[in-house]
Amino acid sequence: MEGEIVNKVANSALMVFDMEDLYPSNPRMELDISKWLYEGFILREKEFRAALKDHDWSVFSDAYVALYCATDAILPAWAFMLVTSYLQPIAKQVFLGDRKHLESALFQDLLQQVDYSEYDGKATIVKGCSKHDIPEEAYVLATQKLMKHARSVMFGEACSAVPIFKKKV
C-alpha cells in the first residue's frame with residue numbers, strides 16, 4: 001500500500017528501558033519525629049515511648065515512609081529504630097531521610113532487582129519522559145547496570161535520543 005505510515009521505532013531492535021515500569025504505586029509519606037520531642041529538641045524517653053504507643057500507625061498502611069527529624073535535635077540511633085519498630089508491620093518500607101532520599105533509596109533497591117540480561121548486545125534507550133519524578137541517581141545506576149549488557153545506551157526518546165555509551169568492538 002502506497003503512502004502507508006510505518007512505525008520504524010516499533011519495528012526496530014531498539015530496546016526501551018523505562019523507569020516508570022519500575023515505579024511502585026504505593027503512597028509515599030513522611031514522618032517527622034520532632035513532634036514527639038519536648039519542644040522539638042529533647043528526647044524524653046518515657047514520654048517518647050508513650051507517644052509512639054498511643055499514635056495511630058494505620059495511616060501508614062502499605063506506604064513507603066521517609067522517617068526524619070525536622071529540627072537540629074541530637075538523637076540516639078535507637079530513637080529512629082524504635083519508630084521503625086512501629087512502622088515496619090504496617091508500612092511497605094521505611095527509609096531514613098526526606099522524601100527525596102526515599103525515592104533515591106527505593107530506586108536503588110528496585111534497580112538491583114532488574115534482570116538486565118534481556119539487554120545483552122542490544123541498542124538500548126533509557127526513556128526520558130515520565131509521569132513521575134524519577135531521581136537522577138536512578139538514571140546513573142541504570143546506566144552502570146546497562147553498560148555491562150547493552151551494545152549501546154542512549155537517553156530520551158527514539159526520535160531525539162542522546163548517545164551515552166557504545167561498546168567498542
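The values are calculated or read from the model by the stated rules, or taken from the named source; none is laboratory data. Keep in mind that what you see is a predicted model, and the values were worked out from it rather than measured. We place every Cβ from the backbone using ideal geometry, glycine too, and count neighbours over all the protein chains shown. Accessible surface areas use protein heavy atoms only, side chains included; no ligands, DNA or RNA. Shrake-Rupley method; radii C 1.70, N 1.55, O 1.52, S 1.80 Å.
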Count of residues meeting criterion [of a type in the set (S, T, Y), open to solvent by 50 Å² or more (accessible area, probe 1.4 Å) and not in a loop (DSSP other than H, G, I, E, B)] in region 31-70: 3
Scan of region 97-128 for residues that are outside any helix (DSSP H, G or I), over 15 Å from A142 (Cβ atoms) and either open to solvent by 80 Å² or more (accessible area, probe 1.4 Å) or of a type outside the set (G, A, S) (or both), ordered by number: D98, D120
Residue selected from region 10-30 under the condition touching a residue at least 12 places away in the same chain (Cβ under 8 Å) and part of a helix (DSSP H, G or I), by the criterion most open to solvent (accessible area, probe 1.4 Å): E20
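Here's the yes/no breakdown for (1) in contact with a strand residue (DSSP E or B) (Cβ under 9 Å, 6 or more places away or on another chain); (2) within 20 Å of S34 (Cβ to Cβ); (3) at pLDDT below 95:
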position: L67; (1), (2), (3): yes, yes, no
position: P89; (1), (2), (3): no, no, no
position: K92; (1), (2), (3): yes, no, no
position: L96; (1), (2), (3): yes, yes, no
position: V140; (1), (2), (3): no, no, no
position: M154; (1), (2), (3): yes, no, no
position: S160; (1), (2), (3): no, no, yes
position: K167; (1), (2), (3): yes, no, yes
